[in-house]
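Worksheet: the structure to be examined is printed underneath.
The values are calculated or read from the model by the stated rules, or taken from the named source; none is laboratory data. Since this is a predicted model, take the numbers as computed values, not measurements. Glycine also receives a Cβ, built like all others from the backbone with ideal geometry; neighbour counts cover every protein chain displayed. In case anyone asks, the SASA skips ligands and DNA or RNA and just uses the protein heavy atoms, side chains included. Shrake-Rupley method; radii C 1.70, N 1.55, O 1.52, S 1.80 Å.
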Amino acid sequence: MLQKLSLSILVVLVTLYISSCLLLRWGQTKLIFFPDRQIKSTPDKYGLDYQDVWLDVGEDKVHGWWIPTAESSAPALLYFHGNGSNNGDLTKIAAIFHQLEVSVLLIDYRGYGKSSPIFPNEARVYEDAEAAWQYLTQTRKFEPKQILVYGHSLGGAIALDLAVKHPEMAGLITEGTFTSIKEMAAYMPSLKIFPLNLVITQRFDSINKIESLQTPILIIHGTDDEVIPPSMAFELFTAAPEPKQLEIFDRAGHNNLPEFGAQKYLFALQQFIQSVSSHE
């Protein structure tokens with residue numbers, strides 16, 4: 001009787017484990033992406049002139065804001081946000097970038113903001129990033145060496161993927177980003193019991209991609225980042241080829257680094273932009 005009970009419990013546990021593996025495999029996009037469609041503010045809030053941009057991705061649309069600077073020969077900065085933001089959360093950072101006298105393109109991946117309401121995944125956000133790149137180079141007629149790409153958090157992985165595909169760009173900036181989804185999952189005790197190599201399909205494998213990077217990179221991270229371990233910034237920096245630069249901001253968290261870093265942050269960006277511009 002006891003043996004039958006033990007066997008029944010084992011069958012239940014194995015069934016639950018397998019079911020959990022399948023749920024994680026097929027439902028992981030819902031654990032990675034948190035699309036927000038509510039636009040809380042526009043660049044008007046900071047007195048910035050801007051234009052709505054609509055990019056075609058197949059039958060879908062990607063919405064963006066083009067925020068030009070007064071100098072027509074100034075570089076363009078293409079910005080990719082994290083998994084829980086949208087353009088409406090980025091007006092303050094856009095105002096900070098505006099101080100650097102660069103034109104800025106903000107986009108919302110499909111599923112976010114005003115973009116087409118299709119749920120995002122890794123392949124789709126890469127397509128959205130490519131559409132933004134094509135807009136700058138084909139529609140806005142920027143030379144690749146006039147374009148910098150900046151990604152925050154998950155956006156850093158998207159920016160890195162685009163940079164590997166377009167080594168002709170001027171430079172890449174990542175802020176508070178991770179090495180890979182697998183490594184992020186390994187930090188979570190509840191997920192360590194699963195065969196992550198088998199169940200993770202949304203890989204965002206930056207640590208391996210960065211080895212083939214051919215554009216200058218600036219990696220930024222806060223020591224008090226509560227979402228992504230600062231150690232990942234050091235891992236990415238070690239794996240990246242030259243030219244590369246690492247800036248660590250004491251006591252800065254995951255979402256407050258630009259404001260917390262203030263002048264040091266602006267100076268780091270300014271120096272990097274000037275350094276990559278001087279190599280054109």
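Could you say whether any residue in the range 130-139 is in a loop (DSSP other than H, G, I, E, B) and in contact (Cβ under 8 Å) with a residue 12 or more places away in the chain? Checked against the condition, which is being in a loop (DSSP other than H, G, I, E, B) and in contact (Cβ under 8 Å) with a residue 12 or more places away in the chain, the range 130-139 yields no hits at all. Any residue that is in contact with a Leu (Cβ under 6 Å, 6 or more places away or on another chain), open to solvent by 40 Å² or more (accessible area, probe 1.4 Å), under 23 Å from Q28 (Cα atoms) and in a helix (DSSP H, G or I) - is there at least one of those in the range 169-184? So far as the range 169-184 goes, yes, one or more of its residues are in contact with a Leu (Cβ under 6 Å, 6 or more places away or on another chain), open to solvent by 40 Å² or more (accessible area, probe 1.4 Å), under 23 Å from Q28 (Cα atoms) and in a helix (DSSP H, G or I).
Quick check on the range 239-252. Is at least one of its residues farther than 25 Å from E211 by Cβ and open to solvent by 70 Å² or more (accessible area, probe 1.4 Å)? Yes, the range 239-252 contains at least one residue that is farther than 25 Å from E211 by Cβ and open to solvent by 70 Å² or more (accessible area, probe 1.4 Å). Say whether the condition of being among the aliphatic types (A, V, I, L, M), in contact (Cβ under 8 Å) with a residue 40 or more places away in the chain and in a helix (DSSP H, G or I) is met by at least one residue in the range 147-157. Yes, some residue in the range 147-157 is among the aliphatic types (A, V, I, L, M), in contact (Cβ under 8 Å) with a residue 40 or more places away in the chain and in a helix (DSSP H, G or I). Just one of the listed residues (G171, G155, G222) is of a type outside the set (D, E, K, R) and under 20 Å from G64 (Cβ atoms), and it is G155.
Residue pairs whose Cβ atoms lie under 6 Å apart, sitting 6 or more positions apart in sequence or on different chains, and linking a residue in the range 230-241 that is closer than 16 Å to M184 by Cβ and assigned to a loop (DSSP other than H, G, I, E, B) to a partner that is open to solvent by 50 Å² or more (accessible area, probe 1.4 Å) and modelled with pLDDT of 95 or more, are P230/T223. Do we have any residue at all in the range 194-213 that's loosely packed, with under 14 Cβ neighbours inside 10 Å, at pLDDT 95 or above and not small (G, A, S)? Taking every residue of the range 194-213 in turn, at least one turns out to be loosely packed, with under 14 Cβ neighbours inside 10 Å, at pLDDT 95 or above and not small (G, A, S).
For G261, the test of being at pLDDT below 95, on the phi < 0 side of the Ramachandran plot and small (G, A, S) is passed.
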